[in-house]
Amino acid sequence: MYASRIDLETQTYAFLSARKFDASPLQICCLVREWDLGKLAGTLMDVRHLESSGCEDVVEYVCKLPFPFEPRWIRCKLRYGVVRCTGALIILGVSELGAAVPPGMTRGTIYYSYYHIFPGDTAGTAVLYRVMNVDMHMPLPDFVVRKTLASHYRDEMARMESTLAAWASSPLQERFETKACYRVMEQAMATSAAALALPTGQLAEDEEGCSDDVDAFL
């Protein structure tokens, strides 16, 4: 895990974390999309999907923080896609800042979030790279914020691992099997895999053609 400061005026850090899981890329994507990560930041109190389609979600969630801090309210837009040249799944997120914050809450800001999920080097595994820059606007010393967030993101990866290990008995399995958006992603990944299996000369042409628009959003 690596953390860097976004600038000298904003109290926020960008965290890069990575882990290999015994799961498919689509299972990890489902886990992220369905918000079954437990504590996202503080204790998750409420989640609302305001808009949802095959390629985008608009989500509001409220996190309870320790006293004396008010709950943090976040509205964010998430986009899903497949990288044409590699078949990797990507998820991009950013706060929607125009909406009014409900009374008794403080805005939390997602400056950006980025998930890059691709098959591992052995069957039945996948690797997740995650870059997250979230500001909960807490008036604490910088070193406390940095240490707290680092611990949070490290623990979150461990929670993901335990949830994926119990996939067969998880409600995620039913959502994964029944929601059309995951079938769309499967098809996009299959199309990419077929392109990667083409003869070398044709693959080179395809790679050159997609270099200007690598991220194929669904």
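Read-outs: derived from the displayed coordinates by stated rules, not from any lab. In this text the structure is predicted, and so the values were computed from the model without any measurement. So basically every Cβ, Gly included, is an ideal-geometry build from the backbone, and we count neighbours across all protein chains shown.
Figure the gain on full extension for Y112 and E34 (residue separation times 0.36 nm, minus the Cα-Cα span) and round it to one decimal in nm. Kindly include the intermediate steps, with their values, before the conclusion.
Values: separation 78, 0.36 × 78 = 28.08 nm, distance 1.85 nm.
Between Y112 and E34, full extension yields 26.2 nm more.
Going by average Cβ density within 10 Å per residue, which order do the peptides 150-163, 75-88, 95-108 take, highest to lowest?
Averaged packing, sorted descending, gives the order 75-88, 150-163, 95-108.
What list of ³J(HN,Hα) values in whole Hz, one per residue of region 160-168 in order, does the Karplus curve 6.51 cos²θ - 1.76 cosθ + 1.60 (θ = phi - 60°) give from phi, with Gly and Pro shown as x?
For region 160-168, the Karplus curve yields 4, 4, 5, 5, 5, 5, 9, 4, 4 Hz.
Just to be sure I understand the model, the point goes 7 Å from the Cα along the line to the Cβ. What's the resulting Q173 to A194 distance in nm?
Here the answer is 3.0 nm between the modelled labels.
Need one word for region 15-84: rounded, prolate or oblate. Basis is the Cα gyration tensor (sqrt eigenvalues a ≥ b ≥ c); a/c below 1.5 gives rounded, then a/b vs b/c decides. Write down the numbers at each step before the final one.
Numbers: a/c = 2.44, a/b = 1.47, b/c = 1.66.
The shape class here is oblate.
Quick one: order L89, L172 by neighbouring beta-carbon count within 10 Å, fewest to most.
Neighbour counts put them in this order, fewest first: L172, L89.
Computed FRET efficiency, Cβ-Cβ of E186 and E96, R0 30 Å: what is it to the nearest 0.05? Walk me through the numbers on the way to the answer.
Working: r = 29 Å, r/R0 = 0.95.
With a Förster radius of 30 Å, E is 0.55.
Go through region 122-127 residue by residue and turn each phi into a ³J(HN,Hα) via Karplus (6.51, -1.76, 1.60, θ = phi - 60°); whole Hz please, and just put x for glycine and proline.
Taking θ as phi minus 60°, the curve returns 10, 4, x, 10, 8, 10 Hz for region 122-127.
What is the extension gain from V144 to M157, computed as 0.36 nm multiplied by their sequence separation minus the C-alpha to C-alpha distance, in nm to one decimal?
Contour length minus the Cα-Cα distance gives 2.6 nm.
Ranked by Cβ crowding within 10 angstrom, fewest neighbours first, how are C30, C63 ordered? Spell out each step's value before the answer.
On the way: C30 24, C63 20.
Exposure proxy ranking, most exposed first: C63, C30.
Applying the Karplus parametrisation 6.51 cos²θ - 1.76 cosθ + 1.60 with θ = phi - 60° to the phi angles of region 101-118, what ³J(HN,Hα) value in whole Hz is obtained for each residue in order, glycine and proline being reported as x?
6, x, x, x, 10, 10, 5, x, 10, 9, 5, 6, 9, 9, 10, 10, 10, 9
If amide H atoms are built 1.01 Å from N in the plane of the peptide, which residues on other chains or at least 5 residues away come under 5 Å of the amide H of E96?
Amide H neighbours of E96, under 5 Å, 5+ apart: R75, C76, K77.
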